[in-house]
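Only one structure is covered here, and it is reproduced in the block below.
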Amino acid sequence: MAATDTQVRALSSRSLHTLGVASGLAAGAWLGVAEAPTKLVTLGFSPFLISLGMVAGVFTARWTLPVMIKGTGYIWLDLREKPHLVLWAVLAGMLWAVANTLTVFAIRNVGLSIAFPLWNINSLVGLFWGWLLFNELRGAGLRQRVEVLGGAAAIVGGACLLAYATSHQAAPAPGSAAALGIVAAVGAGILWGTMYIPYRKAYISGMNPLSFVTVFTFGELATVFVLAAAFDGGLRHVAAELGRARPALFWLFLGGFCWVLGDLFQQYAAKYVGIGRGIPLSNTNQLWGLAWGALFFGELTGQGSTAQALIIAGSLIMIAGAVAISLAEAPQAEQVSWRKVIERECSRYGLDRERVAESMRGGDPLAGEQTGHRWWEWLIAAAAVGVFVWLATQAEIPPIEVNLAWGVVLAAASLALLIACGLLLWKRTRFS
């Protein structure tokens with residue numbers, strides 16, 4: 001018996017939900033991998049310099065990957081069709097850069113165990129914006145609401161336990177310095193949560209995530225550079241520090257590249273399951289960061305039984321939260337609410353409703369208009385590879401004791417997620 005239209009739509013919706021969940025979990029893995037280079041901050045480099053080095057790697061990767069996957073012609077067509085989203089993408093990059101800088105002050109003033117739980121409210125802020133602006137969870141049943149809200153709260157709560165158990169920070173600074181650190185941490189969480197508004201706005205307008213991140217990086221790099229120059233001694237000092245840090249730049253660029261892979265998966269999660277579901281899933285990067293810190297860098301050596309119990313409890317709570325959200329597929333009534341928001345955006349900006357609807361179903365309305373790859377795109381890729389090779393020739397292995405066996409295991413697990421989720425995205429959407 002042939003499947004009815006309703007059954008076909010249900011199967012399509014379920015496959016997109018599975019794809020969004022897989023993307024969110026893959027994002028967590030690769031965002032966690034990207035945290036490893038921040039260990040270099042313990043070697044005397046400024047946190048601003050660490051951030052600038054990583055974002056320079058991010059900028060390089062953000063241009064290379066989209067160009068090689070889709071081509072400059074495709075990206076240009078996508079941006080020209082939706083020019084109003086260019087400003088939103090730049091704004092998202094600026095919000096990320098300011099939030100990332102605020103975390104520097106938060107860690108310095110109140111320590112990681114206090115700062116991390118405060119800025120990790122980004123999941124809850126994103127969930128709120130998804131409900132308020134994009135009708136996420138509108139029309140959802142009680143079970144779905146409990147799974148999403150409870151799962152997000154569990155991920156935040158589990159992350160708080162991990163941050164508390166693994167913190168080796170000194171006591172928080174007294175008085176106004178501590179208050180400034182708390183404000184900075186809360187501000188970072190609010191800005192990161194608000195950053196997801198442009199994400200979702202772009203995707204319900206039919207923009208490809210690869211096009212969005214290409215523009216996103218301009219606001220990101222420019223803002224980080226300005227902040228580094230303003231708060232780290234001026235342009236001359238930043239230039240001098242970059243020269244001094246040349247042996248470490250390869251690792252920072254590599255961390256930026258890993259961060260781009262994680263963020264790309266995060267973008268697809270936001271597109272196909274919304275920011276209320278996708279962002280908490282990507283925040284499982286805390287689990288991966290813990291694994292790299294504990295197993296590769298040996299950060300938990302000598303921890304007592306209480307700390308170990310808290311680490312196990314926090315990890316299990318985060319896993320339970322991720323499982324709950326993974327099961328919370330949007331019911332038909334909620335999807336109807338999503339379509340109302342899509343209709344609103346189409347009416348506001350004069351978008352083609354059929355093309356937007358096709359994009360949200362995982363199709364690619366621009367596929368037939370592609371002109372293929374251009375010769376200069378290979379030059380872009382070659383230049384990016386050349387930058388990495390040149391930096392690799394200047395690199396020095398940091399004097400940090402590591403466990404190479406665990407590094408291989410964790411890298412293999414991350415690569416497995418990358419390949420599996422990448423193949424899912426290709427087969428189901430052709431990276432649309």
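The values are calculated or read from the model by the stated rules, or taken from the named source; none is laboratory data. Just so we're clear, the structure is a prediction, and the values are computed from it rather than from any experiment. Methodologically, a virtual Cβ is constructed for each residue, glycine included, from the backbone with ideal geometry; neighbour enumeration extends over all protein chains shown.
See the values below:
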item: All positions within the stretch 308-342 that are charged (D, E, K, R), in a helix (DSSP H, G or I) and either farther than 16 Å from M207 by Cα or in contact with a Lys or Arg (Cβ under 7 Å, 6 or more places away or on another chain) (or both); result: E334, K340
item: Residue match in the stretch 386-404 (condition: farther than 23 Å from F59 by Cβ, of a type outside the set (D, E, K, R) and in a helix (DSSP H, G or I)); result: yes
item: Top-ranked residue of the stretch 96-139 - restricted to ones that are at pLDDT 90 or above and crowded, with 24+ Cβ neighbours inside 10 Å, ranked as nearest to Q335 (Cα to Cα); result: E136
item: Residues being on the phi > 0 side of the Ramachandran plot and free of Cβ contacts under 8 Å to residues at least 60 places away in the same chain - total across the stretch 293-315; result: 1
item: Breaking point among (1) surrounded by fewer than 21 Cβ atoms within 10 Å (Cβ to Cβ); (2) modelled with pLDDT of 90 or more, for A173; result: (2)
item: Qualifying residue in the stretch 372-385 (condition: out of contact with any Ser or Thr (no Cβ under 6 Å at 6 or more places or on another chain), over 24 Å from T72 (Cα atoms) and not β-branched (V, I, T)); result: no
item: Check on L252, assigned to a helix (DSSP H, G or I), within 21 Å of the chain's Cα centre (by Cα) and more than 29 Å from G20 (Cβ to Cβ); result: yes
item: The stretch 179-215, subset not β-branched (V, I, T) and not in a helix (DSSP H, G or I), residue farthest from P365 (Cα to Cα); result: S205
item: Restricting the stretch 226-241 to residues that are surrounded by fewer than 17 Cβ atoms within 10 Å (Cβ to Cβ) and under 27 Å from the mean Cα position of the chain (by Cα), the residue that is modelled with the highest pLDDT; result: V226
item: Residue satisfying condition, being under 30 Å from A416 (Cα atoms), aliphatic (A, V, I, L, M), in a helix (DSSP H, G or I) and at pLDDT below 85, within set A10, A56, A92; result: A10
item: Residue in the stretch 326-349 that is modelled with pLDDT under 90, buried (at least 16 other Cβ atoms within 10 Å of the Cβ) and under 21 Å from the mean Cα position of the chain (by Cα) present; result: no
item: Matching residues in the stretch 202-225 - criterion: being more than 29 Å from L242 (Cα to Cα) and either polar (S, T, N, Q) or over 16 Å from the mean Cα position of the chain (by Cα) (or both); result: I204, S205, G206, M207, N208, S211
item: Checking A416 against (1) over 24 Å from the mean Cα position of the chain (by Cα); (2) surrounded by fewer than 14 Cβ atoms within 10 Å (Cβ to Cβ); (3) of a type outside the set (S, T, Y), the condition it does not meet; result: (1)
item: Count of residues meeting criterion [at pLDDT 80 or above, over 15 Å from W192 (Cα atoms) and part of a loop (DSSP other than H, G, I, E, B)] in the stretch 274-303; result: 4
item: Verdict on Q308 being over 30 Å from L249 (Cβ atoms) and either exposed (fewer than 15 other Cβ atoms within 10 Å of the Cβ) or of a type in the set (G, A, S) (or both); result: yes
item: Any hit, the stretch 101-119, residues being in a helix (DSSP H, G or I), within 30 Å of P365 (Cβ to Cβ) and in contact (Cβ under 8 Å) with a residue 40 or more places away in the chain; result: no
item: Some residue of the stretch 388-401 being of a type in the set (D, E) and buried (at least 16 other Cβ atoms within 10 Å of the Cβ); result: no
item: Test: residue in the stretch 266-282 that is of a type outside the set (G, A, S), crowded, with 19+ Cβ neighbours inside 10 Å and within 24 Å of A405 (Cα to Cα); result: no
item: Single residue of the stretch 364-385 satisfying the filter (surrounded by fewer than 16 Cβ atoms within 10 Å (Cβ to Cβ) and more than 22 Å from F59 (Cβ to Cβ)) that is modelled with the highest pLDDT; result: W375
item: Checklist (1) buried (at least 24 other Cβ atoms within 10 Å of the Cβ); (2) touching a Gly at 6+ places or on another chain (Cβ under 7 Å); (3) more than 27 Å from V356 (Cβ to Cβ) applied to F257, failing item; result: (1)
